[in-house]
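Only one structure is covered here, and it is reproduced in the block below.
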Amino acid sequence: MKDLQLLVALDEYRSMQKAASHLFISQPAISQRLKTIENEWGQELFIRTSAGIVPTPSGEIVIAHAKLQLQAVQTTKDQLAMVDYHVAGSLKIGVSSVVAQYVLPTVLAEYMTTFPEVRIEMQTGLSEDLLKDVVHHHVTIVRGDEPLIGMAVQPWFTESLALVYKETGMTATEVLQQKPFLSFQTEPSYHVNVRKAILNQYNVWPERMLEVNNIGTCKALTLAGVGAAVLPACSVEDLDERYRVELIPNSERKTWVVFEKEYRQLPQVEAFLTMLEQQKANDSR
């Protein structure tokens, strides 16, 4: 089993050092174990390049076999968990970066405290990328328009967008006209919603733009007074009177929970979905 996990980790990270860190073993131990595995198969499975390690054609075949074997083991564990409905095993989650940073931590902390035997595997990223990889997750949480996909899709929460800037005595329109408008890399639909919201509410569009790579950097620059930004309401709940937070009317954005209906038979998945539904019920009170 550990040899299979090693091969998959090497393929995923394409780096001995990163794979060693992921598996909590030393890099020399990985190198030695890989040599042993290659001797057992009688084939060179990876080659070393200046950019990292790359699977050989033989390696790609063995890695595919390793992934199938690991998936078969996990499927068996899931089936065994269903027999006695014991909340254990693994829970694979794909979640939008914004939700992962600002909404999910409290839910996940409660879940892990309540069900300590469940092993969490979480992938974060853009919603459109997560939906492409949806079959590899038990539960996928995305934002934007309702996903048109052959799975169960449930709304989790809806929130408004907010224009945010440091309080200096300027009006929102003055800030938009005189300071840079900050944005971050995310789904194209988000930028469309932002532009529509600003034009509808303020009837201006900023002349100076500054795009950064993620929402955390965008928020930090905004709070430093560099400019203004439109951010999800969930990301600015911690701000005080030093900052202006103006919720923009008719700018609601939905968050969706996507999963295979059959996965609700797995105790760890049912428990997680139930916790999400309970938080939704609590927030709506």
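Points worth noting:
- Residue 81 being at pLDDT below 90, under 24 Å from residue 108 (Cα atoms) and in a helix (DSSP H, G or I): yes
- Single residue of region 148-170 satisfying the filter (in a strand (DSSP E or B) and among the hydroxyl-bearing types (Ser, Thr, Tyr)) that is most open to solvent (accessible area, probe 1.4 Å): 158
- Count - residues of region 56-77 that are free of Cβ contacts under 8 Å to residues at least 40 places away in the same chain and basic (Lys, Arg): 1
- Some residue of region 85-96 being small (Gly, Ala, Ser), farther than 22 Å from residue 271 by Cβ and open to solvent by less than 70 Å² (accessible area, probe 1.4 Å): no
- Only one of the listed residues (229, 224, 172, 197) is among the small types (Gly, Ala, Ser), in contact with a Leu (Cβ under 8 Å, 6 or more places away or on another chain), within 20 Å of residue 102 (Cα to Cα) and at pLDDT 90 or above. That residue is 229.
- Residue check, residue 53 touching a residue at least 24 places away in the same chain (Cβ under 8 Å) and within 25 Å of residue 140 (Cβ to Cβ): no
- Some residue of region 223-231 being closer than 23 Å to residue 158 by Cα and loosely packed, with under 14 Cβ neighbours inside 10 Å: no
- The number of residues in region 97-112 being assigned to a helix (DSSP H, G or I), under 14 Å from the mean Cα position of the chain (by Cα) and surrounded by 17 or more Cβ atoms within 10 Å (Cβ to Cβ) comes to 8.
- The test for being of a type outside the set (Val, Ile, Thr) and either modelled with pLDDT of 95 or more or loosely packed, with under 14 Cβ neighbours inside 10 Å (or both) holds for residue 284.
- Taking region 171-219 as the range and being basic (Lys, Arg), open to solvent by less than 80 Å² (accessible area, probe 1.4 Å) and outside any helix (DSSP H, G or I) as the test, only 179 passes.
- When the helices (runs of 4 or more DSSP H) confined to region 1-77 are screened for residues that are surrounded by fewer than 17 Cβ atoms within 10 Å (Cβ to Cβ) and hydroxyl-bearing (Ser, Thr, Tyr), those reaching at least 2 such residues are found at 27-41.
- Qualifying residue in region 89-103 (condition: within 20 Å of residue 122 (Cα to Cα) and free of Cβ contacts under 8 Å to residues at least 12 places away in the same chain): no
The values are calculated or read from the model by the stated rules, or taken from the named source; none is laboratory data. Treat the numbers as computed from the prediction; the structure is a model and nothing was measured. Here the Cβ is made from the backbone with ideal geometry for all residues, glycine too, and neighbour counts use every protein chain on show. Heads up: the accessible areas ignore ligands, DNA and RNA and are worked out on the full protein's heavy atoms, side chains in. Shrake-Rupley method; radii C 1.70, N 1.55, O 1.52, S 1.80 Å.
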